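The values are calculated or read from the model by the stated rules, or taken from the named source; none is laboratory data. Computed from a prediction, not measured in an experiment: that's the story for all the values here. Virtual Cβ from ideal backbone geometry, glycine too; neighbours counted across all protein chains shown. Calculation scope for accessible area: heavy atoms of the full protein, side chains included, ligands and nucleic acids excluded. Shrake-Rupley method; radii C 1.70, N 1.55, O 1.52, S 1.80 Å.
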Amino acid sequence: MSSLPPSDSLPFLSLGVCDYPEHVPQPLWAGYARDQKALGLEFVRLAEFAWSRMEPRPGEYDWAWLDEAVETSAAAGLKVVLCTPTAAPPAWLVEAHPEILPVGRDGQVKSFGSRRHYDFSSAVYREHSRRITRAVAERYGRHPAVVGWQTDNEFGWGDTAQSFSPAVHAAFHAWLERRYGTVDALNAAWGNVFWSMDYSGWAQVPLPHHAVSEINPAHALDFLRFSSGEVAAFQAEQVALLREHSPGRFVTHNYMGFFSAYDHYEVSRGLDFASWDSYPTGTLQAIHEWKLLAPHFALDYARTGHPDVTAFNHDLYRGMVTPGAGQATPSFWVMEQQCGQVNWASANPLPAPGAVALWTEQAWAHGADAVSYFRWRAATVGQEVLHSGLLRHSGRPDQGHREVAALRPQALPLAPTRARVALLHDYESLWLYNLQPHSEGLNYWAQTFTYYRALRALGVDVDILHPDRDLSGYAVVVAPALTLMTPERAAHLTASAGHSRLVFGPRTAFRTAAGGTPETGQFGDLAGLIGAELSRYDSLYAGMTQDVEGEGGARHSAHAWAESYDLAGAEALWHYRGGPLDGEAAVVRHGAVTTVGAHSESLVRGVLRGALREAGVETAELPEGVRLTRRGPHTLLQNWTGESVHWQGRTLAPYSSALLPQEVMA
Ligand code: GAL
């Protein structure tokens, strides 16, 4: 990487590593800590799965080994990020209280033998979670080397955010009663007149699984809300204890890419910043799972992951926590960064040479304050023996180690990120959309990612934000799939149109907070802003397409979804040609607001290009696999492909980055 001189005024990207001293013989610890420091690492993350070693028997704590591990790191000049160990309750606790185990959708109790075997609604588990959190926080909370905390580990991993246990059932009933007051109010809100689903008592309300067929989306939506609240409450209890016993340290949680079983904005309340675990080659599976891109992309990027897939999650988690007072810009951490091959995808290719540097620099450019590699030494025991680390099983450096050694974090200052485009994202819209996708080819993430990718291909930096956040200051606001609309949200967006160009995607404002549709049809309270009403929507099988025609005969081909509009003040920019929607409006414009009804990558890119230029946001036309990202005065230009790329008079070697002063790109 060609780089700028170190900045004097700003701190720079901090590198760290996830380490498991409890996995290796103690005589190795001191040498490892010195090697970590010599590699340029600043911190280690410790102990997120170490409960059985912290408390081998009920109430019998053994801190000696962790005391020594913390001291060993500190003596080598490393900072320590400690974790609450609640992702892995010990066997003795499960034996004493089998009711803490979660119950799957199939009604089967998930047994001990892996991790995350607990139910968020178990009062017994919550008590033990508080107890062990207090114990570990009291012991280490004021240790000078301890700079921060990670709560638990990857809430929801292994499909555990929702449980179907008796404890959950009881807590769900109580939650419904608090929310609706009376069963009649619940019947009205859920529309239980449909299929004779009216209840006459709370106890009759089942958990939303095991029904003969489709479950009322209002019921499923409320269960998702309830379950999300349980995760949030679980985390909040730990955060409160960590604040009490570890003043001045940060508290974060490490989320997963594209995970959606709870509302991450809600769960993140009270954190200093969000973190996420970035495994770019493993996350390629999202291309198939969520149909983010055509399947060939997963092969094309098998050794690096796709730049937009990883970048999306950086931008998502950067926007998760609203910056506190005195904090200029949001930040995030990559708490686990892949640094070799993973063990959990359907195949696990070795990363390309240069990939670890590419990933680290990309995370920095998207606003990360720290990147922590997973893990120091490859495990020689347990489920992850096939996973790599910075060191091989033998303890010799692996490829990732060599790439980290060559990095110059001093050239990556923590300048503020300043996107002029906001992309709105909302988990409740996601849930409603994905509960009834109505088209095999499309889902919430796929639709949202289409708009994000178009923006990134145009060289634009993006803040992904909750729709109810302050949007002033953004030149363009893009809401690709904001299907849940409330009167308050509609008023907020309408106010935003006073200062920003707005672009909406299909199925905008199609559902109410209760999970139905507005009485007035799509757009409801947003109709005045859009200047149109929904006419009809067409859902297409793979292989079916719908032509769209614009001014001068320009054409695009829509797939998966096409919705048309009746004009009520707006003008039609694009029309459908052929098929059942022939002649109807496909894209409408009303003042500062453009609404796109057809799902077509090229159409979306064209609409966004126009809106950006109109709003004075500079665009570029980037080749596939080449991306520009700005952080403060710097622009990172990256080539994620295995070929040399020529762009604007520059040549980028395969899998490489160039750090440029921003004005070079202007
Ligand atoms: C993460 C998890 C780590 C480890 C890693 C392997 O999801 O937090 O503990 O399992 O995956 O890639």
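One residue alone among 600, 564, 557 is surrounded by fewer than 19 Cβ atoms within 10 Å (Cβ to Cβ) and either at pLDDT 95 or above or under 32 Å from the mean Cα position of the chain (by Cα) (or both), and that residue is 557. Taking the listed residues 646, 599, the one that is more than 30 Å from residue 482 (Cβ to Cβ) and not aliphatic (A, V, I, L, M) is 646, with no other qualifying.
Residues in segment 172-187 that are closer than 20 Å to residue 224 by Cβ and either open to solvent by less than 70 Å² (accessible area, probe 1.4 Å) or not acidic (Asp, Glu) (or both): 172, 173, 174, 175, 176, 178, 179, 180, 185, 186, 187. Quick one: count up the residues across segment 43-71 that are among the polar types (S, T, N, Q) and crowded, with 21+ Cβ neighbours inside 10 Å. Number satisfying all stated conditions: 0.
Against the test of being under 22 Å from the mean Cα position of the chain (by Cα) and closer than 30 Å to residue 543 by Cα, the options 433, 474 yield a single qualifying residue, 433.
Of 426, 398, all but one fail to be within 16 Å of the ligand (Cβ to nearest atom) and of a type outside the set (A, V, I, L, M); the exception is 398. Counting only residues that are open to solvent by 20 Å² or more (accessible area, probe 1.4 Å), within 11 Å of the ligand (Cβ to nearest atom) and either small (Gly, Ala, Ser) or not in a loop (DSSP other than H, G, I, E, B) (or both), segment 352-387 holds 1 of them. Residues that are among the charged types (D, E, K, R) and in contact (Cβ under 8 Å) with a residue 24 or more places away in the chain were ranked within segment 190-249; the one that is farthest from residue 121 (Cα to Cα) is 249.
Being out of contact with any Phe, Trp or Tyr (no Cβ under 9 Å at 6 or more places or on another chain), open to solvent by less than 60 Å² (accessible area, probe 1.4 Å) and closer than 24 Å to residue 489 by Cβ: is that true of residue 532 here? So residue 532 does not fit the description; no.
Taken over segment 188-223, the criterion of being among the hydrophobic types (A, V, I, L, M, F, W, C), in contact with a helix residue (DSSP H, G or I) (Cβ under 6 Å, 6 or more places away or on another chain) and buried (at least 17 other Cβ atoms within 10 Å of the Cβ) is satisfied by 190, 207, 218, 220, 221.
Checking each residue in segment 72-88 for being open to solvent by less than 10 Å² (accessible area, probe 1.4 Å), away from the ligand (no atom under 16 Å from the Cβ) and within 30 Å of residue 231 (Cα to Cα) picks out only 80. In the set (1) in a loop (DSSP other than H, G, I, E, B); (2) at pLDDT 95 or above, residue 418 fails one condition alone, (2). For segment 150-166, filtered to residues that are closer than 14 Å to residue 109 by Cα and open to solvent by 40 Å² or more (accessible area, probe 1.4 Å), the residue that is nearest to the ligand (Cβ to nearest atom) is 158.
When the test is whether a residue is in a helix (DSSP H, G or I) and open to solvent by 10 Å² or more (accessible area, probe 1.4 Å), residue 405 passes it.
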